[in-house]
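The values are calculated or read from the model by the stated rules, or taken from the named source; none is laboratory data. Source: prediction; values computed, not measured. Positions of Cβ are backbone-derived with ideal geometry, glycine not excepted, and every protein chain shown enters the neighbour counts. With ligands, DNA and RNA removed, areas are computed over all heavy atoms of the protein, side chains included. Shrake-Rupley method; radii C 1.70, N 1.55, O 1.52, S 1.80 Å.
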Amino acid sequence: MDACHALIVDDEADIRELIEMTLLPMGVTCLPAETLSEARVLLKRQTFNLCITDLRLPDGSGLDLVAHIQKQHPNLPVAVITAHGNMEIAVEALKLGAFDFVSKPFELSVLRDMVATALRLSRGNDDSSANRPTLLGQSATMAEVRALIAKLARSQAPILISGESGTGKELAARLIHLSGPRADQPFVPVNCGAIPEHLMESEFFGYKKGSFTGATQDKGGLFQAARGGTLFLDEVADLPMPMQVKLLRAIQERAVRPVGAQAEVPIDVRVLSASHKELTALVQSGAFRQDLFYRLNVIEMRMPSLRAHPEDIPELAEAILERLSRQSGLPRARLAPSALMALRTYAFPGNIRELENILERAFTLCEEGIIQGADLLLPAAAEPTSLRPSPLGPPVLVADEVPNGPSVAPASGSFEPRTMPILQPSVRNLEGYLEQIERAAILRALEETRYNKTAAAEKLGISFRALRYRLKKLGLD
C-alpha cells in the first residue's frame, strides 16, 4: 500500500493522539496542527490524502479551512469534527464542500469507516467502467449534469434528486454511487411508496428473532444491506409521517435500532433520495417534515426534462432501438425522417420513460424494420376542455374534437389525453391488465389457426415480425 498522510487539525492534544492511534494501524501517518495558520503552512509544504479538522480552532473556524481546501486543494477530502447534536454546522460544512463529518464523542469504528472511504476517494476509483451505465446526450444540458454527478460523487453529503417522472433520477443516483469511493459496495434502491406502512420499520431497520409473530430469526434491514455503500430512497415523499421521524434519527445518529433490539447499531451508509413531487410544497402543507427535508436536501440535483434537451432525442432513440433489437433477437429498426421529426417536436410529458414506451410499441408495429411517423402513435394534445351536461348524471369533462393526424403538444409540457368511455372497472396495474388482454387475444388467434403463426398474425392484423416479438415478450414462444 502506498504511504498515506493525514492532516489532523485540533487544539486538543488528546483528540489528535486518539485519531493518530486509530489511523496508524490503517497505514496512515498523521501530521498534527493546532491552529488554522499551522494547517495552511503544512498544506503548502506537504501533499496529503486526507484532512480532519475540528470546528473550533484558536485562530478561526474549521469551516474556513474547508473553504480554503476547496479553493486551493479541491481533490483533498476534508472531514469535520462537530459537537454532538450540532447537525446545522455539519450540514453547513457539507454544503461548503466537506467530504464528511464525525460528531464528538465519536465511535472509533465510525472514524475508521470514514477514513477508509476518504482514502479510496483520494486514490481514485480504479474499477473498470466497461459495464457501468451511461448518461446519454451530447447537449450542453447533459454535459452539465455529468459534471455535477462527478462533483457530487466526491462528497458523502445527502443529495435530493428532483425532477419529473421518467427523467432518469435513479440512473443519476447509481452513477453518483459508481463514480465515488463506495463504488465497490452495495447500491440498494428502494421505492418508499411500495412498502406497506406497517412493514416499513422492519424493512428499513431489520428485526430481532422473537420480536413479533413470525420473526423466527434475526433479519437485517435495508440500511444493513447497504452497509458501506449507498441507500437510494426513491419517491421519498411517499413516506408516512411516523417513518419520517425514524428516518431522521437514523440519518442524524448514523445508527438504527432493529425492531425488538435493546441498542442501536452503527451504520455506514450514504443516503441519496429522489422525488418527482415538490418537497418544499409538501413541507409548507405539513405533509413532509421540515427537519427531514433539510437533512435530505443538503445538496439538490435537478434532472432536466426531455423537453429541455430535444437535440439528444436521436441519440437516445438509437440506443433504445438497439437495446430492443438485442433483447428480442430481431433485426434493428430504423427511424424514418417523418418519425424522427415527430419525436423531436413532441413534448414528452413522460420524458425518457415515455420515449422508451413509444419506441417499444413502434418497434412491434413497423414494417420492414423502418419506423414511420404513423407507427409512433403519439398521443394527440387535447383542445381546451369544457363541461358538458350529461343526461345520466353530473357534468362530465369532455375534450373538444381533435383533428386526425399527429399534432404537437404544448411547449410547456402539459398533456391532456382525449377522454374515452370506461368499459372496464378501474385497475391498479394497467400494464399487467393490458398484458393479460394481449395474451388472451394471441392465444385465441393461435388456437383458431391451429398454431400457424403466419395465419395468426394476419388474423390479428399485425406483421409476422410483430407477432414474434410479442410472443417473446409474453413468454409464449
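Quick check on LEU330: is it surrounded by 22 or more Cβ atoms within 10 Å (Cβ to Cβ) and over 18 Å from THR134 (Cβ atoms)?
no
Pull up segment 176-196, narrow it to residues that are within 15 Å of the chain's Cα centre (by Cα) and of a type in the set (Val, Ile, Thr), then point me to the one that is nearest to ILE299 (Cα to Cα).
Applying the filter and picking the extreme gives ILE176.
Looking at segment 173-193, can you tell me whether even one residue there is farther than 28 Å from ILE267 by Cβ and not small (Gly, Ala, Ser)?
no
Please list, ordered by first then second residue, the pairs with beta carbon atoms under 6 Å, 6 or more apart or interchain, first in segment 167-187 and within 17 Å of ASP312 (Cβ to Cβ), second outside any loop (DSSP other than H, G, I, E, B) and open to solvent by 20 Å² or more (accessible area, probe 1.4 Å).
GLY168/ILE352
Suppose we keep only residues that are open to solvent by 30 Å² or more (accessible area, probe 1.4 Å) and in contact (Cβ under 8 Å) with a residue 60 or more places away in the chain within segment 313-323. Which one would you say is farthest from ARG468 (Cα to Cα)?
GLU315
Of all the residues that make up segment 105-123, how many are part of a helix (DSSP H, G or I) and over 15 Å from GLN185 (Cα atoms)?
Counting residues in segment 105-123 that are part of a helix (DSSP H, G or I) and over 15 Å from GLN185 (Cα atoms) gives 8.
So, in segment 65-106, how many residues would count as being surrounded by 17 or more Cβ atoms within 10 Å (Cβ to Cβ) and charged (D, E, K, R)?
2
For segment 158-210, give me each residue that is under 22 Å from ALA118 (Cα atoms) and open to solvent by 60 Å² or more (accessible area, probe 1.4 Å).
Matches in segment 158-210: ARG174, ASP184, GLN185.
Quickly run through segment 141-157 and pick out the residues that are open to solvent by 20 Å² or more (accessible area, probe 1.4 Å) and either without any contact (Cβ under 8 Å) to a residue 40 or more places away in the chain or of a type in the set (Ser, Thr, Tyr) (or both).
THR141, ALA143, GLU144, ARG146, ALA147, ALA150, LYS151 - these are the residues of segment 141-157 that are open to solvent by 20 Å² or more (accessible area, probe 1.4 Å) and either without any contact (Cβ under 8 Å) to a residue 40 or more places away in the chain or of a type in the set (Ser, Thr, Tyr) (or both).
Just wondering, is there one or more residues in segment 324-331 that are touching a residue at least 24 places away in the same chain (Cβ under 8 Å), within 30 Å of the chain's Cα centre (by Cα), over 19 Å from ARG468 (Cβ atoms) and assigned to a helix (DSSP H, G or I)?
no
Confirm whether LEU233 is under 27 Å from THR280 (Cβ atoms), in a strand (DSSP E or B) and in contact with a Cys (Cβ under 6 Å, 6 or more places away or on another chain).
Yes.
Return the residues of segment 332-350 that are part of a helix (DSSP H, G or I), touching a residue at least 40 places away in the same chain (Cβ under 8 Å) and touching a Gly at 6+ places or on another chain (Cβ under 7 Å); say none if nothing qualifies.
If the condition is that a residue be part of a helix (DSSP H, G or I), touching a residue at least 40 places away in the same chain (Cβ under 8 Å) and touching a Gly at 6+ places or on another chain (Cβ under 7 Å), then ALA342 is the only one that fits.
Just to be sure I understand the filter: pairs with C-beta atoms under 7 Å, separated by 6 or more residues or on different chains, first member in segment 220-245 and at positive phi and surrounded by fewer than 22 Cβ atoms within 10 Å (Cβ to Cβ), second member part of a loop (DSSP other than H, G, I, E, B) and not charged (D, E, K, R). Which pairs pass?
Qualifying pairs under 7 Å: GLY228/GLN185.
Being closer than 20 Å to VAL190 by Cα and free of Cβ contacts under 8 Å to residues at least 60 places away in the same chain is the filter; apply it to segment 255-277 and report the residue that is surrounded by the fewest Cβ atoms within 10 Å (Cβ to Cβ).
Applying the filter and picking the extreme gives LYS277.
Regarding segment 197-219, can at least one residue be identified that is modelled with pLDDT under 90, polar (S, T, N, Q) and touching a strand residue (DSSP E or B) at 6+ places or on another chain (Cβ under 8 Å)?
yes
Hey, among GLY220, GLY260, GLY286, GLY229, which residue is closer than 25 Å to ILE149 by Cβ and of a type in the set (Gly, Ala, Ser)?
Only one candidate passes the filter, namely GLY229.
For residues in segment 7-54 being open to solvent by 20 Å² or more (accessible area, probe 1.4 Å) and in contact with a Pro (Cβ under 6 Å, 6 or more places away or on another chain), which is nearest to ASP100 (Cα to Cα)?
If we take residues in segment 7-54 being open to solvent by 20 Å² or more (accessible area, probe 1.4 Å) and in contact with a Pro (Cβ under 6 Å, 6 or more places away or on another chain), then ARG16 is nearest to ASP100 (Cα to Cα).
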